[in-house]
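This report refers to the structure that appears directly beneath it.
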Amino acid sequence: MRVVLPPSETKRDGGHDRALDVSTLAFPELGERRDAVLDALVALSADEDASVRALKLGRTQLGEIARNAALRTAPTMPAIDRYTGVLYDGLAADGWSAEDRAFAHEHVLVQSALFGPIAALDAIPAYRLSHDSRVPGLRLRAHWSSAAGAVLAESSGLLIDLRSEGYAALGPVVASANAAYVRVVTEDGDGTRRALAHFNKQAKGHLVAALVSSRARIDDVDGLLDWGDAHGHRFARTTRVGPGGVAEVELLV
């Protein structure tokens, strides 16, 4: 089983003294593509006006440019700790045991616009780059789509896609019986289901925390539904498909 999360716009500062080592990240075959984005982003940081436009920065976010300038030398920390925000608050990874973290490193991925898919404990610096950023000379979707999709296709067991559609486009999952795109919905009193906005991120965080704590081993969509029944997470099949034509499954909260 592999779970793929989106990153977050917000990231913690600081980390350990060790600088980024691209060769240590999951899927080392993506190393050259990672270096290309890193080099482009560091170069972009030399031009404040261009960075503001490319990264869609407000007046209070100019510090993000300095972060990008220092990408090769800045301190690093595990990705699962670096990202912040509603989804990662829902994970509550700061309370995980060493065994939880080891399981997450094996089974939880984050789709980064800078690094492509990375594993939970991969050591990364703080950075600013979104799926829709416009880096001069580099089209992120074209740069990542085929290569990232190929490494995700190698996952064994069920691939549970929790990314937003923008980040899913950076590494489309091939439609198969072993992949599911999860959409979080709520059910009104009359049975009408509607997608959640803000709280969908929190629900995804809680879901991944439960998958980690239960040491879930899930091979297909039927297994996901069975796991949900056993652990208090209600899933439902749909006739819709998610990005790339992957079967869509609803998580009801």
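The values are calculated or read from the model by the stated rules, or taken from the named source; none is laboratory data. The model shown is predicted, which means the values in this text are computed figures rather than measured ones. We place every Cβ from the backbone using ideal geometry, glycine too, and count neighbours over all the protein chains shown. Accessible surface is based on the protein model in full, side chains and every heavy atom, while ligands, DNA and RNA are left aside. Shrake-Rupley method; radii C 1.70, N 1.55, O 1.52, S 1.80 Å.
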### Message
Accessible area per residue for the chain in Å², computed with a 1.4 Å probe and the full protein assembly in place, what is it?
### Response
45 Å²
#### Entry: Spatial extent of the stretch 78-155: Rg and Dmax, with the Cα atoms as the point set, Å
13.8, 43
### Task
Using only Cα atoms, tell me the angle between helix 198-213 and the longest principal axis of the chain; keep it within 0 to 90° and round to the nearest 10.
80 degrees
### Query
Peptides 211-221, 90-100: what's the order by average Cβ count within 10 Å, highest mean first?
211-221, 90-100
### Query
Ignoring any ligand, DNA or RNA, what whole percent of the accessible area of the stretch 32-135 comes from carbon and sulfur when the probe is 1.4 angstrom?
50 percent
### Query
What is the chain's relative contact order, in percent, from Cα pairs under 8 angstrom and six or more apart in sequence?
24 percent
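Would you work out if the stretch 1-138 is rounded, prolate or oblate? Take a ≥ b ≥ c from the square roots of the eigenvalues of the alpha-carbon gyration tensor; rounded if a/c is under 1.5, else prolate when a/b is larger than b/c, oblate otherwise. Please report the intermediate quantities before stating the final value.
Details: a/c = 1.84, a/b = 1.55, b/c = 1.19.
Prolate.
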### Message
Can you compute the helix-only [θ] at 222 nm over the chain? Use -39500 (n - 2.57) per DSSP H run of at least 4 residues, normalise by all residues, nearest 500 deg cm²/dmol.
### Response
-10500 deg cm²/dmol
#### Entry: Under Karplus coefficients 6.51, -1.76 and 1.60, residue-wise ³J(HN,Hα) of the stretch 103-110 in Hz, glycine/proline x
5, 4, 4, 7, 10, 10, 10, 10
### Task
Using DSSP to define loop residues, name the GluC sites (Glu not before Pro) in the stretch 121-194 whose beta-carbon has at most 13 other beta-carbon atoms within 10 Å.
154
### Query
Taking only Cα atoms, what is the 0 to 90° angle, nearest 10, from helix 221-231's long axis to the longest principal axis of the chain?
80 degrees
### Query
For the chain, treating each Cα as an identical point scatterer without solvent, what Debye log10 I(q)/I(0) comes out at q = 0.16 1/Å?
-1.20
### Task
Take the alpha carbon atoms of the stretch 178-192, find their center, do the same for the stretch 54-125, and report the distance between the two centers in whole angstrom.
28 Å
### Task
Let me know the shape class of the stretch 129-231, please: from the alpha-carbon gyration tensor, a ≥ b ≥ c as square roots of the eigenvalues, rounded when a/c is under 1.5, otherwise prolate if a/b is greater than b/c, or oblate.
oblate
### Task
Could you state, as a whole-number percent, how many of the C-alpha pairs of the stretch 202-253 are farther apart than 13 Å?
60 percent
